């Protein structure tokens, strides 16, 4: 993963950047499987490696395939991102160990989730759709808003007539 | 790429399996990993795969824009409708327990329809964005 990230940063050819980011997504999906987050891994593989690669290729079709030289030196953004990363690592050191049953997150609502009142064997689904129903409704609305925004921005304007894009 | 025999044959083999797998992910989401979001994305990926082989024009004939745009909105409406159904049946908004003859049954039914809504919107949005991006190139050439 680190190699593919470095290659993405260094490479100027956008086509290889897109392919590398697809590979990165697949690697990330395997990491998520290793962390027992199969639901997220599936999403990552399908969205990150599949659809967004195709979308980026489609976008690449519209523009030049060589990244322009940056207009200024990247030292300030580099410093900011390194500082943020260091801060996050420092914060992560204070977290309980991975899988620690005494961690605070496992003490509050998780026992109730795990008791599984809705009797759906997949806890992720139960939490997402039932216990956190409002959140998921909000997420769906966010996805809907994204789609509506893309439609509003990119809908092809016919000269003279306000024709829907249904026959475009 | 529609004249490439290898791609066509593999596409024929893969696309039904992808769609079937999406349905499995959708309806088996209660028991194994998966659910509406994943299923919607997988359906969209299958259709995008079809578009890569047979071209966007053929895909737009197969899955027209009007259907996709309807899906975008319909999913949210299904989700919100489940909430309203709970409200009308005397529960709280998005409280599924009142949807069936007993709470567990109602929860299952509510989760099922909510997942259907999520899958519909996600699939519609993915396809719409894909259509939008790919059709831009053709218009400007």
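The values are calculated or read from the model by the stated rules, or taken from the named source; none is laboratory data. These numbers were taken from a predicted model, which means no experiment stands behind them. Please note: Cβ atoms are built from the backbone with ideal geometry, for glycine as well, and neighbour counts cover all protein chains shown.
Hey, residue B:57 hits all of (1) surrounded by fewer than 18 Cβ atoms within 10 Å (Cβ to Cβ); (2) more than 23 Å from residue B:136 (Cα to Cα); (3) without any contact (Cβ under 8 Å) to a residue 40 or more places away in the chain; (4) within 11 Å of chain A (Cβ to nearest Cβ) but one; which does it fall short on?
(2)
Out of all the residues in segment B:82-98, which are at negative phi and away from chain A (no Cβ under 11 Å)?
Of everything in segment B:82-98, those that are at negative phi and away from chain A (no Cβ under 11 Å) turn out to be B:84, B:85, B:87, B:88, B:89, B:91, B:98.
Of the residues that make up segment A:92-107, is at least one under 22 Å from residue B:125 (Cα atoms), more than 7 Å from every other protein chain (Cβ to nearest Cβ) and either at pLDDT 65 or above or assigned to a loop (DSSP other than H, G, I, E, B) (or both)?
Scanning segment A:92-107 turns up no residue that is under 22 Å from residue B:125 (Cα atoms), more than 7 Å from every other protein chain (Cβ to nearest Cβ) and either at pLDDT 65 or above or assigned to a loop (DSSP other than H, G, I, E, B) (or both).
Condition first: out of contact with any helix residue (DSSP H, G or I) (no Cβ under 6 Å at 6 or more places or on another chain), more than 28 Å from residue A:152 (Cβ to Cβ) and assigned to a loop (DSSP other than H, G, I, E, B). Can you find one or more residues in segment B:33-42 that meet it?
Checked against the condition, which is being out of contact with any helix residue (DSSP H, G or I) (no Cβ under 6 Å at 6 or more places or on another chain), more than 28 Å from residue A:152 (Cβ to Cβ) and assigned to a loop (DSSP other than H, G, I, E, B), segment B:33-42 yields no hits at all.
Of (1) more than 9 Å from chain A (Cβ to nearest Cβ); (2) closer than 27 Å to residue A:148 by Cβ, residue B:7 satisfies all except one. Which?
(2)
Residue-wise test of (1) more than 18 Å from residue A:7 (Cα to Cα); (2) in a helix (DSSP H, G or I); (3) modelled with pLDDT under 85; (4) more than 9 Å from every other protein chain (Cβ to nearest Cβ).
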| residue | (1), (2), (3), (4) |
| --- | --- |
| A:41 | yes, yes, yes, no |
| A:48 | no, yes, yes, yes |
| A:61 | yes, yes, yes, no |
| A:78 | no, yes, no, yes |
| A:87 | yes, yes, no, yes |
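Looking at segment A:26-41 only, could you name the residues that are within 12 Å of the chain's Cα centre (by Cα) and within 15 Å of residue B:38 (Cα to Cα)?
A:29, A:40, A:41
Taking the options A:8, A:51, name whichever one is farther than 21 Å from residue B:129 by Cβ and out of contact with any strand residue (DSSP E or B) (no Cβ under 8 Å at 6 or more places or on another chain).
Testing whether each residue is farther than 21 Å from residue B:129 by Cβ and out of contact with any strand residue (DSSP E or B) (no Cβ under 8 Å at 6 or more places or on another chain) leaves just A:8.
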